[in-house]
Each structure stands twice: as C-alpha cells, then as structure tokens.
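Report on the following structure.
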C-alpha cells in the first residue's frame, strides 16, 4: 500500500454508529429496522442527513451523499460508519473524497457490494483498515450476521478463524486482505482506484451473475494482470450465480477452470457479503489462507 495502514479504534457498547447512504436510494422502513437492530446490540445510532434523499436511483446528489460521509468522519462522537445499503453510487464519490479526511479521523467503515468502491479506496489512498460486512437495511433479517459484526467491531477474537466451503487449489499463503464484489472490482480497472493485488489475499464475491459473466470478469482481471502475483484467492458464496437450465456449467466449474493452473491457494464459499453473509471480513490486515481456512493474523482494530 502506498500509505501506512491505520486501524480504527474498537467500538464499546453505548458508542454512536452513523448510518450513511453513499450509494442507492433507501427505504425508510428498512433503515428503521437496522437502527433497531444496532440499538438492540447496545449502540446508539445517528442517521445521516442525506440517507432519505433521492436523486433518481441515488440517495441524493453526489455532493449530498459525500457531505454525510465527511460529517461523520469529522464528528468525534461517531465511532463507526455503517452503509445503509449498496446498489450503485459509491464509485461516483471517489474523485470527490479527500483521503486525508480518513487519515486524520480514522474510524470503522462497514459495507459490501457497491461499497467495495469505498472500502478499497479508503484502504489504498488513506491506509484505513475497512470492514466487508452487513449493512443497515439487512441487519434485522440476519441477526447472526449482526451479532458477528458487533463482535468484530468490539475486538472479540472468536471470529478470527473463518472457513470457506470448498478448496479449489490447495496450499498455504499469507498476505494482506483486499477485494469485495467482483463486478465492482472489474469496474475499477483502468481507473486510478483499481485494486492493488500483488502479494495480497484477494477476496471475490458477487450475486446473481450467470457463470459466463463470472468467467468474463475473471478473464478481465487476469488480462489486466490482477491475478498474476496474488498470494491467494478466496471466493464468497456467489448466491444466484446459476446457469440457464439448458446449461450444465456451474459457477464453481468456472472458478475451478479459471484457477486450474494457479500455484497459490484458492478457496470457495466464504460466507460474507451476498448470501448468508454472516462473516465480517476486515480488509487491509494480514491473513493466512490454508486450504479452506482463512485466519486473521492481526487485529483490524487499534490495540
């Protein structure tokens, strides 16, 4: 990484969590369920000013969504920022976002899917460890994910040993975790924000993409050189990534073929993000991938 890594402070019960909407427009009732879920976990909640605004399919205009993020980073009482939902829109904020803001006010940032833009940008340009985890509008539906999120953000080490479902390529490797939603990572290629993968444990996940589309995106990553020098690769659950009934190929088949010649470990089925999404995965810390086991080697939070 081009800047030193910064770890945010851990949460304590009673701390204030901010909900921001850097991406798509959100449903007020769904946000309310997330607020209640966080409060039941023992936290106070501050909902951003722009969360319920709309600009077409976005939660307000770019500057409005950005202003919410800026306000939450600068607000000393806000200890963590949890995205309301994904959808689309976070990538539009990257040219407007000053990475110095996160370096000056390092704090927990949580999201997945479209938030892959923001999580990896904050990691690369600000050096901030970020968290690939559940968002506000899904917390009530997935209480186990909410509980594991609270454990991860308060420094509980019970979830430092994570298991994928399957081994594609055996082996053991160590590296810093990066990645997120496959289609977003591909959209970042050719921009100043493209993810750095050399020597990294690259996490890839997505939902509702046909196997041939996953093949196309993996091919693009490879042709862009992003798979040449990775330490290892671990996939999420890839829910809904199924072929037409007339086609026999599965998304696992695609992944197995894409990494058939890999000399590094590749695992499939880590439950984070789309799907069950019970695991919160820190990005920007050292981890070991050994077979199906992904083990965190350091705390993602400031000691």
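Limited to segment 60-90, what total is found for residues that are without any contact (Cβ under 8 Å) to a residue 60 or more places away in the chain, in contact with a strand residue (DSSP E or B) (Cβ under 6 Å, 6 or more places away or on another chain) and not in a helix (DSSP H, G or I)?
From segment 60-90, those without any contact (Cβ under 8 Å) to a residue 60 or more places away in the chain are 60-76; that's our starting set.
After this cut, where a residue has to be in contact with a strand residue (DSSP E or B) (Cβ under 6 Å, 6 or more places away or on another chain) as well, the list is 61, 68-69, 72.
Retained after the next criterion (residues that are not in a helix (DSSP H, G or I)): 61.
Residues flagged as without any contact (Cβ under 8 Å) to a residue 60 or more places away in the chain, in contact with a strand residue (DSSP E or B) (Cβ under 6 Å, 6 or more places away or on another chain) and not in a helix (DSSP H, G or I) within segment 60-90 amount to 1.
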message: Restricting to segment 100-123, count the residues that are part of a helix (DSSP H, G or I) and either crowded, with 22+ Cβ neighbours inside 10 Å or without any contact (Cβ under 8 Å) to a residue 40 or more places away in the chain (or both).
response: 15
task: Please enumerate the residues belonging to segment 1-26 that are closer than 15 Å to residue 108 by Cα and not in a loop (DSSP other than H, G, I, E, B).
output: 6, 16, 17, 18, 19, 20
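Answer yes or no: is there a residue in segment 33-48 that is more than 23 Å from residue 154 (Cβ to Cβ), touching a helix residue (DSSP H, G or I) at 6+ places or on another chain (Cβ under 7 Å) and either in a loop (DSSP other than H, G, I, E, B) or not assigned by TED's automatic domain parsing to the domain that holds residue 134 (or both).
Residues of segment 33-48 more than 23 Å from residue 154 (Cβ to Cβ): none.
Checked against the condition, which is being more than 23 Å from residue 154 (Cβ to Cβ), touching a helix residue (DSSP H, G or I) at 6+ places or on another chain (Cβ under 7 Å) and either in a loop (DSSP other than H, G, I, E, B) or not assigned by TED's automatic domain parsing to the domain that holds residue 134 (or both), segment 33-48 yields no hits at all.
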statement: Out of (1) more than 29 Å from residue 87 (Cβ to Cβ); (2) in contact (Cβ under 8 Å) with a residue 40 or more places away in the chain, the one residue 301 does not meet is (1)
- prompt: Within the group 189, 227, 162, 182, which residue is without any contact (Cβ under 8 Å) to a residue 40 or more places away in the chain, farther than 21 Å from residue 34 by Cβ, buried (at least 17 other Cβ atoms within 10 Å of the Cβ) and within 18 Å of the chain's Cα centre (by Cα)?
  reply: 182
- prompt: Within segment 166-174, can one find any residue that is part of a loop (DSSP other than H, G, I, E, B), surrounded by fewer than 19 Cβ atoms within 10 Å (Cβ to Cβ), in contact with a strand residue (DSSP E or B) (Cβ under 8 Å, 6 or more places away or on another chain) and touching a residue at least 40 places away in the same chain (Cβ under 8 Å)?
  reply: yes
query: For residue 141, which of the numbered conditions (1) within 17 Å of residue 264 (Cα to Cα); (2) modelled with pLDDT under 95 fails to hold?
result: (1)
message: So in segment 230-251, with the set limited to residues that are over 19 Å from residue 189 (Cβ atoms) and in contact with a strand residue (DSSP E or B) (Cβ under 6 Å, 6 or more places away or on another chain), which one is surrounded by the most Cβ atoms within 10 Å (Cβ to Cβ)?
response: 236
Failed criterion for residue 258 (all others in (1) surrounded by fewer than 19 Cβ atoms within 10 Å (Cβ to Cβ); (2) touching a residue at least 12 places away in the same chain (Cβ under 8 Å); (3) more than 19 Å from the chain's Cα centre (by Cα) hold): (1)
- prompt: So which residues in segment 65-93 are surrounded by fewer than 18 Cβ atoms within 10 Å (Cβ to Cβ) and either over 19 Å from the mean Cα position of the chain (by Cα) or not assigned by TED's automatic domain parsing to the domain that holds residue 139 (or both)?
  reply: 67, 70, 71, 74, 75, 76, 77
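The values are calculated or read from the model by the stated rules, or taken from the named source; none is laboratory data. These numbers were taken from a predicted model, which means no experiment stands behind them. Quick reminder, even Gly has a Cβ in these numbers, built from the backbone with ideal geometry, and neighbours come from all protein chains shown.
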